[in-house]
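Encoded as structure tokens, the structure appears first; notes follow it.
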Amino acid sequence: MQVDLNELVNSYEVVPVSLSDPFKSLVVEPSTMEVLRFLPVIAFIALIIVAVWRQAKKFQVKAIGDINQKNKQD
């Protein structure tokens, strides 16, 4: 079985993708594009929330308990 490499290469269509607008070649509704534009911002905010939450679990602050004990002593 012989395969003609030129025919194989020519059978695939290459669509160039712009790095400045990677979603340009997609056919989607404008409302979907609005959501896709804000997706990195939403993901960044979610990462910040998760980082703060994880640090809060590691270093728990017991300030409320300390305040209650100080009030009882006074």
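What are the residue pairs meeting all of these: first residue in the range 6-24, first residue within 16 Å of R37 (Cβ to Cβ), second residue open to solvent by less than 80 Å² (accessible area, probe 1.4 Å) and at pLDDT 75 or above, Cβ atoms under 7 Å, and 6 or more apart or on different chains?
Qualifying pairs under 7 Å: F23/M33; F23/L36.
Of (1) exposed (fewer than 10 other Cβ atoms within 10 Å of the Cβ); (2) modelled with pLDDT of 75 or more; (3) part of a helix (DSSP H, G or I), V27 satisfies all except one. Which?
Of the numbered conditions (1) exposed (fewer than 10 other Cβ atoms within 10 Å of the Cβ); (2) modelled with pLDDT of 75 or more; (3) part of a helix (DSSP H, G or I), the odd one out for V27 is (3).
The values are calculated or read from the model by the stated rules, or taken from the named source; none is laboratory data. Nothing here was measured: the structure is a model prediction, and the numbers come from that model. All Cβ positions, even for glycine, are placed from backbone atoms using ideal geometry, and neighbour counts span all protein chains on display. Only protein heavy atoms, including side chains, enter the accessible area calculation; ligands, DNA and RNA are left aside. Shrake-Rupley method; radii C 1.70, N 1.55, O 1.52, S 1.80 Å.
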